[in-house]
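Single-structure report; data block below.
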Amino acid sequence: MNPIPEPSAIVMIGPSGSGKSTLARTWPADYRLELDSYRWTVSGDAGDQEATADAVFLLTSVLERRLARGLTCVIDATHTGIEVRKRTIETAHAHGLPAAAVVMTTSLPQCLDRNSRRPANRRVPDEEVRRQHQQISIARPGLHADGFDHVVTDTRLMRMRLLLQRAVDRVHADHQVDGDHTEYARRVLARRFFGEDLAETFHWTHLRPHRDPIGALAVGGDEITLAYRTWFPDPMDWGFEAQVPCLGGCSGPAWMPVRSPMDLLAVYDDDFPEDIVRCDRCAAGATTREAV
Ligand SMILES: [Zn+2]
């Protein structure tokens, strides 16, 4: 159930620490206009109150341009003041779109508690949280009269279900990419071993039946070739090996286990233990010589 029609201007109304941003993040990223992040954009500090006017200027410009395109916006700011709310309502209506208020019902103690656990530059004085909470309690009965076409509370939205459904849809979509059920697991593994940023640069280059899949991390002209080894009996031991030059006296390729970004950095810097990096042929030769 989604009581808010789209496209529309969705106005989050709640004090600092009420969970607005967490809720707002259940909408697609491009919908979200977050005052704090525009503060960060103009000043490098999301908590810089001196940057508020510039941040509002940016937010308003983006809001205007998106609504003109008929695109939904979720505006993440406290919206305690009637003028701010009215301005957004008028902008939405000017573009023929409805305006919806999403009222956070988080209790004052919860808001204060969440606010106190924020990093210092994002923390609002307790007095300010109290003031915001009171202003919103007073404004709440009059939101329809303000001009909102829809007024809903956060508890009615069931956004968690939507988020879960989206995750499920993504799993199905990933499975359909090549009909290979392990593809999704492999992508997850890239994230597990190397972190979000590196995983974004990863793609499979060779997926052949009964062979270890080969992929690469590629950024600009830099590339590290990786094989995903599944020959260990325990799947928890499965993982990536990076291709490195053989240090056994030939110029062929060898493989070295990489289980972390630290391992990858060592590969990139050619800073790996010489005694373990051998191609199969050189390794076999060394073993034979030792055996003799
Ligand atoms: Zn070799």
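Tell me, which cysteines of the chain are without a disulfide-compatible partner by the Cβ under 4.7 Å rule?
If one checks each Cβ against the other cysteines of the chain, Cys73, Cys111, Cys250, Cys282 turn up with nothing under 4.7 Å.
How large, in percent, is the carbon and sulfur part of the accessible surface of the range 182-291 at a probe radius of 1.4 Å?
On the way: 3740 of 6860 Å².
Carbon and sulfur together cover 54 percent of it.
Tell me, what are the semi-axes, in whole angstrom and largest first, of the equivalent ellipsoid of the range 182-291 as set by the roots of 5 times the Cα gyration tensor eigenvalues? Walk me through the numbers before you get to the answer.
On the way: eigenvalues 122, 58, 31 Å².
Square roots of five times the eigenvalues give 25, 17, 13 Å.
For labels at Ile214 and Glu200 in the simple 7 Å Cα→Cβ model, what's the distance in nm?
2.7
What is the pair-distance distribution P(r) of the range 1-53, computed from all Cα-Cα distances in 10 Å bins starting at 0, with each bin given as a whole percent?
Per 10 Å bin, starting at 0, the Cα pair percentages come out as 21, 47, 26, 6, 0.
Scan the range 223-292 for GluC sites (Glu not before Pro) in coil per DSSP, keeping those whose Cβ has at most 16 other Cβ atoms within 10 Å, and list them by number. Can you show the working numbers first?
Values: sites: Glu223, Glu241, Glu274, Glu290; in loops: Glu274.
Listed in order of number, the matching sites are Glu274.
Tell me, what is a quarter of the convex hull surface for the C-alpha atoms of the chain, in nm² with one decimal? Kindly include the intermediate steps, with their values, before the conclusion.
Numbers: hull surface 85.4 nm².
The number I arrive at for the chain is 21.3 nm².
For Cα pairs less than 8 Å apart in space and 6+ apart in sequence, what is the mean separation divided by the residue count of the chain, i.e. the relative contact order in percent?
15 percent.
Using 0.36 nm times the number of residues separating Leu265 and Asp113, minus their current alpha carbon distance, what extension gain do you get?
50.7 nm
Hey, got a sec? Which trypsin sites (Lys or Arg not before Pro) in the range 54-153 land in a DSSP loop and have at most 11 other Cβ atoms within 10 Å?
Here the trypsin sites (Lys or Arg not before Pro) that fit, given the DSSP loop and packing criteria, are Arg69, Arg117.
Quick one: how many Å² of Trp255 are accessible to a 1.4 Å probe, rounded to 10?
Looks like 70 Å² after rounding.
How large a share of the accessible area of the range 9-162, in percent, is made up of carbon and sulfur atoms when the probe is 1.4 Å and the other protein chains stay in place?
54
What is the mean projected area of the alpha carbon convex hull for the range 9-162, to one decimal in square nanometres?
Values: hull surface 34.6 nm².
Mean projected area for the range 9-162: 8.7 nm², to one decimal.
The values are calculated or read from the model by the stated rules, or taken from the named source; none is laboratory data. Keep in mind that what you see is a predicted model, and the values were worked out from it rather than measured. All Cβ positions, even for glycine, are placed from backbone atoms using ideal geometry, and neighbour counts span all protein chains on display. Ligands, DNA and RNA are stripped out before the accessible areas are found, and what is left, the full protein with its side chains, is counted by its heavy atoms. Shrake-Rupley method; radii C 1.70, N 1.55, O 1.52, S 1.80 Å.
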